[in-house]
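Below: one structure, written as structure tokens.
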Amino acid sequence: MTITMKQWLPAAALTMMIAGATAVLAQAPASEPQAPKPQGPVVATNEFPPVNPKNFTAASPTAAEVNSFLKSIWGYDGNRAWEVAAILKTQAPGVSKVVVFVSEAGQAGGPKTTVFFTTPDGKHAIADQVIDFGAKPFEANRETLVTRANGAAKGATSKDLELVEFADLECPHCKEAQGTMAQLAKDFPEARIVFENYPIAEIHPFAYRAAAEGVCVRKAKGDAAFFTYASTVYDKQAGLTKESVDATLAAAVTAAGADPNAVAACANDAATKQDVDASIQLGKDVGVDQTPLLFVNGHALPITALPYETLKKIVIFQAGQDGISVHPPPTLTSLQ
């Protein structure tokens, strides 16, 4: 379930401040840097306005760094083109304002304008949220997840292509996402798929207990049993109520081949709670602010907000960026 008001998609990972393609840019004197060339595919019907070299007054980031960053988040989409229009000093020391012209194939009204700011250390971009910046903005999260994402896993044993899902077993959107996750497992046998508990107890009163019992099912019967348990909980999610939660979770535990009484006792152990809490803390450390949230080699994606075809393109593109060969089916799959 989304727990913030914003909806952020990879195609709009930066806030699209639509001010028109002829947005007024600062005209401060500069050392006449060469205006960057358009990146991405050429879109003949969406020519960009002329770029004024005087609008490049900040030493950092460079246009090349901005283009590498934008390629990492937008490069999967062959219908998008962009051009860095300005990199400006601001009154805040070391903070730069970046203006980018963006166009889409078939877009009415000409190119649009995206604006964001970069921090003095060059590690973050700020629009309506703070996101990692750089040629490989997802690398830090990828390394964190490779090291610490120890939840139930299926698929490949290699972590070269790792898809980590943070989910809440009482969350309706997480239930909705399971069809997408199953399709990803079929389409990307090269991927290791990891489930990390992220119960949001403030709005889902039985999510933490469900997560704890899932940890115990896994301890008793293994990863495959956990996924059976989770699938059954999602199927019976309407039964996560004060009146029926005991029977609902017991049925899920039984379906996974474990003993409901033993699992219920295990769920109250301090070690089990530490396991769930560690998963929650991992999510916080990599910036989880909604569930379900999927990390593709560190690239965070709101699963239920993306068409499957788009999600699949992003997985293929991210794998390629990380030097991993994948062999997807020849045509994109539409979930029915």
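The values are calculated or read from the model by the stated rules, or taken from the named source; none is laboratory data. These figures come from a predicted structure and were not determined experimentally. Counting neighbours? That spans all protein chains shown, and the Cβs are built from the backbone with ideal geometry, glycine included. Quick note on the areas: whole protein, heavy atoms, side chains included, nothing else; ligands and nucleic acids left out. Shrake-Rupley method; radii C 1.70, N 1.55, O 1.52, S 1.80 Å.
Working ranking of peptides 306-317, 164-175 by packing, defined as the average number of other Cβ atoms within 10 Å per residue, highest first, is 164-175, 306-317. Would you please classify the overall shape of the range 38-133 from the alpha carbon gyration tensor, given that a ≥ b ≥ c denote the square roots of the eigenvalues, rounded means a/c under 1.5, and beyond that prolate means a/b larger than b/c while oblate covers the rest? The shape class here is prolate. Taken along the Cα-to-beta-carbon direction at a fixed 7 Å, the label points for Ala92 and Thr147 span 2.8 nm. About its Cα centre, the range 195-331 has a charge dipole of approximately 200 debye under the convention of +1 per Lys or Arg Cβ and -1 per Asp or Glu Cβ, with nothing else charged. Pairs exceeding a 32 Å alpha-carbon distance, out of Lys186/Lys242; Lys186/Lys221; Lys221/Lys284; Lys123/Lys175; Lys97/Lys186: Lys186/Lys242; Lys123/Lys175; Lys97/Lys186. Answer rounded, prolate or oblate for the range 129-177, using the Cα gyration tensor with square roots of eigenvalues a ≥ b ≥ c: rounded when a/c is under 1.5, else prolate when a/b is larger than b/c, else oblate. Judged from the Cα gyration tensor, the range 129-177 comes out oblate (a/c at least 1.5, b/c at or above a/b). If R0 is taken as 41 Å, the Cβ-Cβ distance between Ala238 and Ala135 corresponds to a FRET efficiency of 0.35. Prolate is the label for the range 84-130, because a/c, from the alpha-carbon gyration tensor with a ≥ b ≥ c as root eigenvalues, is 1.5 or above and a/b exceeds b/c. The label point for Asp160 and the one for Ala108, both projected 7 Å from the Cα toward the Cβ, are 4.6 nm apart.
Given their separation in residues at 0.36 nm each and the Cα-Cα distance between them, Asp128 and Glu190 gain 18.8 nm when the chain is fully extended.
Translational diffusion coefficient of the range 159-292 at 20 °C, 1.002 mPa s, Stokes-Einstein with Kirkwood Rh over Cα pairs, in µm²/s as a whole number. Roughly 144 µm²/s, to the nearest whole number.
For the range 201-208, 3J(HN,Hα) computed residue by residue from phi via the Karplus equation (6.51, -1.76, 1.60; θ = phi - 60°) reads 5, 4, 10, 10, x, 10, 5, 5 Hz, glycine and proline entered as x. Given +1 at the Cβ of Lys and Arg, -1 at the Cβ of Asp and Glu and no other charges, the dipole of the range 54-167 around its Cα centre is 200 debye to the nearest 20.
Couplings 3J(HN,Hα) of the range 244-254, computed from phi: 10, 4, 4, 5, 5, 6, 4, 5, 5, 4, 4 Hz, in residue order, whole Hz [Karplus 6.51 cos²θ - 1.76 cosθ + 1.60, θ = phi - 60°; x for Gly and Pro]. Rg and Dmax, both from the Cα atoms of the range 229-304 and both in Å, are 15.0, 40.
Think of a 1.4 Å ball rolled over the protein heavy atoms: the range 167-288 then has 43 Å² of accessible area per residue.
Computing FRET efficiency as 1/(1 + (r/R0)^6) for Ala262 and Ala305, where r is the C-beta to C-beta distance and R0 is 56 Å, gives about 0.90. Set the Förster distance to 35 Å, then compute FRET efficiency between Ala247 and Asp269 from the Cβ-Cβ distance, nearest 0.05. Step by step, r from the Cβ atoms, then E = 0.95. Basic side chains Lys and Arg get +1 at the Cβ, acidic Asp and Glu get -1 at the Cβ, and with that the dipole of the range 104-186 about its Cα centre reaches some 220 debye.
Here the Karplus curve 6.51 cos²θ - 1.76 cosθ + 1.60, taken at θ = phi - 60°, turns the phi angles of the range 63-74 into couplings of 4, 5, 5, 5, 5, 5, 5, 5, 4, 5, 9, 10 Hz, with x standing for Gly and Pro.
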